[in-house]
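Structure first, then comments.
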């Protein structure tokens with residue numbers, strides 16, 4: 001049984017997606033400009049993991065959308 | 001226009017980029033751990049716990065890759081006398097705490113979680129049950 005998401009949890013999820021997005025871009029910059037094969041191949045694998053994290057976080061929001069109240073609760 | 005297309009080189013060096021990614025990963029691990037402890041929904045807590053684990057693994061891989069590429073100076077080893085000092089001091093602290101436990105609870109034994117593979121067998125032979133106690 002899933003409970004409604006708290007405002008705090010939503011804040012953490014949103015901040016986390018910003019973090020994951022920034023990591024994707026930083027890793028892409030490393031893949032594009034790097035010269036050490038071990039680092040560039042790791043960075044390109046990491047892009048996939050960060051994309052997966054991002055999607056999981058986005059999924060968590062969509063899962064909780066239905067049961068979220070539309071009026072502030074006290 | 002042409003110059004922009006040709007100039008693929010970043011202003012930051014590879015080491016700068018990798019260092020930035022590594023330090024962000026360290027921060028993100030902490031943030032995920034904090035988010036997990038402050039989550040109310042079990043499914044959200046589980047998600048943050050998994051993300052903590054995954055990000056910790058990424059940070060470890062990044063650190064190793066940088067270390068192998070000589071981009072990371074490992075911290076200098078702690079001196080023997082410092083280890084001796086801390087071990088002695090915390091041995092005393094432990095004894096005092098055990099006395100406190102004896103007085104308040106009537107005595108309970110704890111088992112160490114630190115059991116490195118190499119030391120395990122010889123330690124086991126010596127004291128039979130627990131290691132580094």
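Bear in mind that the values in this text are calculations on the coordinates, not laboratory data. All figures in this text were calculated on a predicted structure; none of them were measured in a lab. Quick reminder, even Gly has a Cβ in these numbers, built from the backbone with ideal geometry, and neighbours come from all protein chains shown.
Extending 7 Å from Cα along the Cβ direction at residue A:44 and again at residue B:12 yields two label points whose distance is 2.0 nm. Applying 0.36 nm per residue to the separation of residue A:67 and residue A:35 and subtracting their alpha-carbon distance, the gain on full extension is 6.6 nm. Each label was represented as a point 7 Å from its Cα along the Cα-to-Cβ direction; for residue A:21 and residue B:88 these points are 5.6 nm apart.
Seen against the Cα atoms of chain A and their longest principal axis, helix A:7-33 is set at about 10 degrees.
Across peptide A:31-41, the average count of Cβ atoms from other chains found within 10 Å of a residue's Cβ is 5. The slack in the chain from residue B:75 to residue B:50, taken as 0.36 nm per residue of separation less the alpha-carbon distance, amounts to 6.1 nm.
Is the protein assembly as shown rounded, prolate or oblate when judged by the Cα gyration tensor, a ≥ b ≥ c being the square roots of its eigenvalues, rounded requiring a/c under 1.5 and prolate requiring a/b larger than b/c?
oblate
In segment B:10-68, the C-alpha radius of gyration followed by the widest Cα-Cα span (Dmax) gives 13.8, 44 angstrom. The simple Förster model, with R0 at 41 Å and r as the Cβ-Cβ distance, assigns residue A:6 and residue B:97 a FRET efficiency of 0.65.
If R0 is taken as 22 Å, the Cβ-Cβ distance between residue A:52 and residue B:30 corresponds to a FRET efficiency of 0.60.
Take the Cβ-Cβ distance between residue B:117 and residue B:57 as r, set R0 to 30 Å, and report the resulting FRET efficiency rounded to the nearest 0.05.
0.90
How far is helix A:37-65 tilted, in degrees, relative to the longest principal axis of the Cα atoms in chain A, given as a value from 0 to 90 rounded to the nearest 10? Approximately 10 degrees, to the nearest ten. Averaged over the residues of B:82-94, the number of partner chain Cβ atoms lying within 10 Å of the residue Cβ comes to 0.
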